[in-house]
Every structure is written in structure tokens, then in C-alpha cells.
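Beneath this line is the structure, given in C-alpha cells, with notes to follow.
The values are calculated or read from the model by the stated rules, or taken from the named source; none is laboratory data. Every value quoted in this text rests on a predicted model; they were computed, and no experiment measured them. Every residue, glycine among them, receives a Cβ derived from its backbone with ideal geometry; neighbour counts consider all protein chains shown. Ligands, DNA and RNA are stripped out before the accessible areas are found, and what is left, the full protein with its side chains, is counted by its heavy atoms. Shrake-Rupley method; radii C 1.70, N 1.55, O 1.52, S 1.80 Å.
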Amino acid sequence: MKSTTSGSEKKASRLSVPVITLDGPTASGKGTVAAQVAKRLGFHVLDSGLLYRVLALAARHHGVADTNEPALQVLAAHLDVQFPCDHAGETRVTLEGEEVSRTLRKEWVGMAASRVAVLPGVRVALLNRQRAFQELPGLVADGRDMGTIVFPEADLKIYITATADARAERRYRQLLEKGFSASLADLTEDIRQRDERDMQRSVAPLRAAADSVHIDTTLMNIPEVVDTVLSHVRQHVLLSRFLSTGSW
Ligand code: C5P
């Protein structure tokens, strides 16, 4: 059946769904924090980096160069990707029917993702797919341009940072724990290159939204960051929604 909802009604209904954005550089811990904050609030979560990783992997599977913008744009618009949860509540990603969750976390996929992510056509092709995650009861969205481009009207925007050395060290420990081999020196170099590419690109560069709250996590652990974010949620989102609607 054809939907009779107009564009402006859709926009109005989207605006009534709370969104919290978490942007920041590679390995700043925002993915883990976003997942835990979403769980505590019972909200959906969007890991937007995963979409760029899936696209980079699909490009590899189809023999498309990560500089071929027209072909990548078509691939991005038709990505056959699913994000089902397994019994433990973990998101399992399937690309064209094949489970690729573990492959997506590899460093080369992250590097390839940051190369396809500089292409304007790719970013446009992935925009609506990301916005479709804004559903009740709310969304926590993590990435580089969540607060600046994808959800500029978010209720709360957080910008998470940590020094490059602290992030490389964390990524190193994570990879070892997951059974991957890794070199701390190589990871530090990768992180510096990805920071440079993400911050210098001309479209949707990584930068803090003017109205964002900054959290430097260099000396914090994950539960401390989660608590800090939740206290901002209580202060900025729940309270202001309560004051404007009279209900939580
Ligand atoms: O966050 P994650 O490391 O999974 O992202 C992989 C790459 O995708 C990043 O290095 C970045 O270049 C790109 N990305 C982006 N915009 C986003 C999320 C990720 O450009 N919103």
C-alpha cells in the first residue's frame, strides 16, 4: 500500500524522536560508549562507521577501486546489508547474505572505509540510510558528522576526544583481546593518517559541532564516560523534553 505520509509530516515525526550524537576521532571509545548509553536508555544505536566499512568491503568483493566515485555511489545506494542482533544482543552484520562482522573490524577495512568516506557522492548515498535509524523511543548515533550533517537538530551532541597515543594503545589492547595480532607502532601511524584524512577532507570533515559538549577521555575509563554522557542526557534531553511536553 502506498504511504500517504507527506515529507513534512515525516520530518515532524522525526523531530519528535530524540537523538543523541557522539562524534570523535578513530578509537576514541565512542562506539562502546554509544552502545552502552543506548542500552541504558533503551534507545536504538547507529554505528555509522560500520556503513562506510561495509561499503569498503563490498567494493573489495566487487573489484571496485576505492577511488571510483560513480561506481561506489551506485554500490552505496544498493548495499544489501542487514544488522540483525544475535541471542546475546550483539549486532551481526551480513553483507549480501554473508556474515562479515569480524572482517569489518580489521584495520585494512577501517583504512579503506576512510578512503571511500572522502567521496561526496558516497556520503550523499548513505545519508538517508543513516537517517532511517531515527526511530522511537530514540537514537544514539556515533560517527564523525552525526551532529554536524546527519542529525543537525539532535537533542544532545557530544564530541569525544583522547590523545592519539591513548587511542592507539586502546585499539592495540582491543585487537589483542579479540585474538588479532597487532603492532602498536603501526596502529599509532594508522590512527594519525586516519585523523588527518577525516579532519582534512572537504566534505563533512570531522569537527565538533558548535553546540556540542566536549569530553576528553584520555584519563577516563568507559563506565566513567558512559556516566558523564548519561548525566548530560538527563540534563539536556530528558529535562528539556519534560519541560516542553509535561511527560518523559
Ligand atoms: O568509526 P569507524 O572507525 O568504524 O569508521 C571507519 C571510517 O569511516 C572512519 O575512519 C571515517 O573515515 C569514516 N566515517 C565517516 N563518517 C562517519 C563514520 C565513519 O567518514 N560518520
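Quick check, is Ala204 open to solvent by less than 50 Å² (accessible area, probe 1.4 Å), over 28 Å from Val233 (Cα atoms) and of a type in the set (Gly, Ala, Ser)?
Values: open to solvent by less than 50 Å² (accessible area, probe 1.4 Å): yes; over 28 Å from Val233 (Cα atoms): no; of a type in the set (Gly, Ala, Ser): yes.
Against the criterion (open to solvent by less than 50 Å² (accessible area, probe 1.4 Å), over 28 Å from Val233 (Cα atoms) and of a type in the set (Gly, Ala, Ser)), Ala204 does not qualify.
List the residue pairs whose Cβ atoms are under 6 Å apart, where the first residue sits in segment 200-226 and is more than 13 Å from Tyr159 (Cα to Cα), the second is within 12 Å of the ligand (Cβ to nearest atom) and open to solvent by 30 Å² or more (accessible area, probe 1.4 Å), and the two are 6 or more positions apart or on different chains.
Close Cβ pairs satisfying both conditions: Arg201/Val118; Val203/Pro120; Ala204/Ile149; Pro205/Met199; Ile222/Thr32.
Within segment 30-47, can you find the residues that are open to solvent by less than 10 Å² (accessible area, probe 1.4 Å) and within 11 Å of the ligand (Cβ to nearest atom)?
Residues satisfying the conditions are Ala34, Leu46.
Assuming Ala125 fulfils every condition listed in (1) assigned to a helix (DSSP H, G or I); (2) buried (at least 18 other Cβ atoms within 10 Å of the Cβ); (3) modelled with pLDDT under 95; (4) over 15 Å from the mean Cα position of the chain (by Cα) apart from one, which condition is it?
Single failed check for Ala125: (3).
Do the conditions hold for Val118, that is, is it within 11 Å of the ligand (Cβ to nearest atom) and modelled with pLDDT of 95 or more? I'd like the intermediate steps shown before the answer.
Values: within 11 Å of the ligand (Cβ to nearest atom): yes; modelled with pLDDT of 95 or more: no.
It is false that Val118 is within 11 Å of the ligand (Cβ to nearest atom) and modelled with pLDDT of 95 or more.
Could you tell me which of the residues Glu96, Glu107, Glu69 is outside the structural domain of Lys178 (by TED's automatic domain parsing) and more than 16 Å from the ligand (Cβ to nearest atom)? Write out each step before concluding.
Details: Glu107 fails: more than 16 Å from the ligand (Cβ to nearest atom); Glu69 fails: more than 16 Å from the ligand (Cβ to nearest atom).
Every option except Glu96 fails the conditions.
When you scan segment 48-73, how many residues do you find that are closer than 20 Å to Thr94 by Cβ and open to solvent by 10 Å² or more (accessible area, probe 1.4 Å)?
8
Please go through segment 107-122 and pick out each residue that is in contact (Cβ under 8 Å) with a residue 24 or more places away in the chain, open to solvent by 50 Å² or more (accessible area, probe 1.4 Å) and closer than 19 Å to Pro25 by Cβ.
Taking segment 107-122 and keeping what is in contact (Cβ under 8 Å) with a residue 24 or more places away in the chain, we get 107, 109-122.
Now restrict to residues that are open to solvent by 50 Å² or more (accessible area, probe 1.4 Å): 115, 120.
Matches in segment 107-122: Arg115 only.
Looking only at segment 15-27, decide whether some residue is farther than 26 Å from Glu196 by Cα, outside any helix (DSSP H, G or I), modelled with pLDDT of 95 or more and open to solvent by 30 Å² or more (accessible area, probe 1.4 Å).
Within segment 15-27, none of the residues are farther than 26 Å from Glu196 by Cα, outside any helix (DSSP H, G or I), modelled with pLDDT of 95 or more and open to solvent by 30 Å² or more (accessible area, probe 1.4 Å).
Taking segment 159-170, which residues are under 17 Å from the mean Cα position of the chain (by Cα) and in a helix (DSSP H, G or I)?
Arg167
Need the failing condition index for Tyr172 against (1) open to solvent by 80 Å² or more (accessible area, probe 1.4 Å); (2) touching a Leu at 6+ places or on another chain (Cβ under 9 Å), just the number.
Failed condition: (1).
Pull up segment 182-214, narrow it to residues that are among the aliphatic types (A, V, I, L, M) and within 14 Å of the ligand (Cβ to nearest atom), then point me to the one that is nearest to Ser28 (Cα to Cα).
Here is the first cut: in segment 182-214, the residues among the aliphatic types (A, V, I, L, M) are 182, 184-185, 187, 191, 199, 203-204, 206, 208-210, 213.
In the following step, the residues that additionally are within 14 Å of the ligand (Cβ to nearest atom) were identified as 187, 191, 199, 203-204, 206, 208-209.
Details: Leu187: 13, Ile191: 10, Met199: 14, Val203: 21, Ala204: 18, Leu206: 13, Ala208: 14, Ala209: 17 Å.
The qualifying residue nearest to Ser28 (Cα to Cα) is Ile191.
From the set of residues in segment 142-169 that are in contact with a Lys or Arg (Cβ under 7 Å, 6 or more places away or on another chain) and over 19 Å from Val37 (Cβ atoms), which is surrounded by the fewest Cβ atoms within 10 Å (Cβ to Cβ)?
Here is the first cut: in segment 142-169, the residues in contact with a Lys or Arg (Cβ under 7 Å, 6 or more places away or on another chain) are 142, 147-148, 150, 160, 164.
Pick out the ones that are also over 19 Å from Val37 (Cβ atoms) and you get 148, 164.
On the way: Thr148: 22, Ala164: 18.
Only one residue fits best here, namely Ala164.
Only residues that are surrounded by 15 or more Cβ atoms within 10 Å (Cβ to Cβ) and closer than 16 Å to Val122 by Cα: list them for segment 75-106, please.
Result: Leu75, Ala76, Leu79, Val81.
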